[in-house]
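Peer 1: Dropping the structure in here first, questions after.
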Protein chains: 2
Amino acid sequence: MSTIEMTPEVLELVAKRFRALGEPARLLILSTLRDGEHTVSELVEVTGLGQANVSKHLRLLHDLRFVERRKEGLYMLYRLADEDVFTLCDVMCGRLEQEAEWGRVVLGR
Amino acid sequence: MSTIEMTPEVLELVAKRFRALGEPARLLILSTLRDGEHTVSELVEVTGLGQANVSKHLRLLHDLRFVERRKEGLYMLYRLADEDVFTLCDVMCGRLEQEAEWGRVVLGR
DNA sequence: GGACTAAATAACCACATGGTCATATAGTTG
DNA sequence: CAACTATATGACCATGTGGTTATTTAGTCC
């Protein structure tokens, strides 16, 4: 795995980042951010999640650098930090498609 | 994200798979399997985890097709299903390295 | 069959965390 | 400064799940 030595500490750091993506609500927020910057209120409206809830998810995603943000007046604007999330999701989706071919999972289509 | 439509159901399927990697114990098992097939007992010994614990992690990883297995006499031999796990981990590790450069995380080296 | 071994499962506890409600904080506008 | 708005935070509850112990199941060897 990369050049990093897989000590228990590193394992925990990596795991924590996977866990961050292991939540539908956060994936939904991230996929919403794919089309550009959004305020928290917009994310609340689009996702249908509660405001406090979205705020907490964004804090986590920001702590782990999945998103970046800037303040503009009263608003806080969030955006994706990079494209890694979608690289990762594409791999997972590739797995799903493969499983679908095997008839193990049903993708809605 | 890929060609799959991101319905709530798909989001949950993807999230579940990220969650599977969001556990140091499972990452440890997977990284142990990188050097080839291992029995459950071997994995127990190498990882230092309990037998029931390893068995449960392996069941999850097998359900999600991260690992495959075959029976040989009394033993059950597990192996990686493919290289996806390491593609995924490499991306995450890349992020860690980048964060390390920013002085946000300390990698033990 | 009976004794033994490897792995899986069940029952259980403890802890982490997602969601919500209420409140605090930061910033704007009058 | 007071009223208002957007976001963050704290407290709390409910649920999910990782770990352990004990037991069951599957297979081997005598």
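The values are calculated or read from the model by the stated rules, or taken from the named source; none is laboratory data. These numbers were taken from a predicted model, which means no experiment stands behind them. Cβ coordinates were reconstructed from backbone atoms using ideal geometry, including for glycine residues, and neighbour counts include every protein chain displayed.
Peer 1: Suppose we keep only residues that are touching an Asp or Glu at 6+ places or on another chain (Cβ under 8 Å) and not hydrophobic (A, V, I, L, M, F, W, C) within segment B:92-106. Which one would you say is farthest from residue A:16 (Cα to Cα)?
Peer 2: Looking at the filtered set, the residue picked out is B:94.
Peer 1: What number of residues within segment A:22-43 satisfy the criterion of being near DNA strand C (Cβ under 10 Å from one of its atoms) and of a type outside the set (Asp, Glu)? Give the derivation first.
Peer 2: Step one: of segment A:22-43, the residues near DNA strand C (Cβ under 10 Å from one of its atoms) are A:22-26, A:28-29.
Checking the rest, the ones that are also of a type outside the set (Asp, Glu) come to A:22, A:24-26, A:28-29.
Qualifying residue count for the region: 6.
Peer 1: Checking residue B:73 against (1) within 14 Å of chain A (Cβ to nearest Cβ); (2) out of contact with any helix residue (DSSP H, G or I) (no Cβ under 6 Å at 6 or more places or on another chain); (3) over 22 Å from residue A:5 (Cα atoms); (4) not hydrophobic (A, V, I, L, M, F, W, C): exactly one of these is not met. Which one?
Peer 2: (1)
Peer 1: Also, quick follow-up: What is the residue count in segment B:56-109 for residues that are more than 16 Å from DNA strand C (Cβ to nearest atom) and assigned to a strand (DSSP E or B)?
Peer 2: The number of residues fulfilling the criteria is 0.
Peer 1: Condition first: at the interface with another protein chain (Cβ under 8 Å from one of its Cβ atoms), under 15 Å from the mean Cα position of the chain (by Cα) and closer than 30 Å to residue A:97 by Cα. Can you find one or more residues in segment B:39-58 that meet it?
Peer 2: No.
Peer 1: Now for a separate question. Take residue B:22 and tell me if it is on the phi > 0 side of the Ramachandran plot and either more than 7 Å from chain A (Cβ to nearest Cβ) or of a type outside the set (Lys, Arg) (or both).
Peer 2: no
Peer 1: Also: Could you check how many residues of segment A:16-32 are assigned to a helix (DSSP H, G or I) and within 12 Å of DNA strand D (Cβ to nearest atom)?
Peer 2: 4
Peer 1: Have a look at A:79, A:65, A:95, A:104 and point out the one that is at positive phi and either modelled with pLDDT of 95 or more or not polar (S, T, N, Q) (or both).
Peer 2: Numbers: A:79 fails: at positive phi; A:95 fails: at positive phi; A:104 fails: at positive phi.
Only one candidate passes the filter, namely A:65.
Peer 1: Identify, please: which residue in segment B:33-68 is surrounded by 15 or more Cβ atoms within 10 Å (Cβ to Cβ) and without any contact (Cβ under 8 Å) to a residue 12 or more places away in the chain and is, among those, nearest to DNA strand D (Cβ to nearest atom)?
Peer 2: The extreme case among them is B:44.
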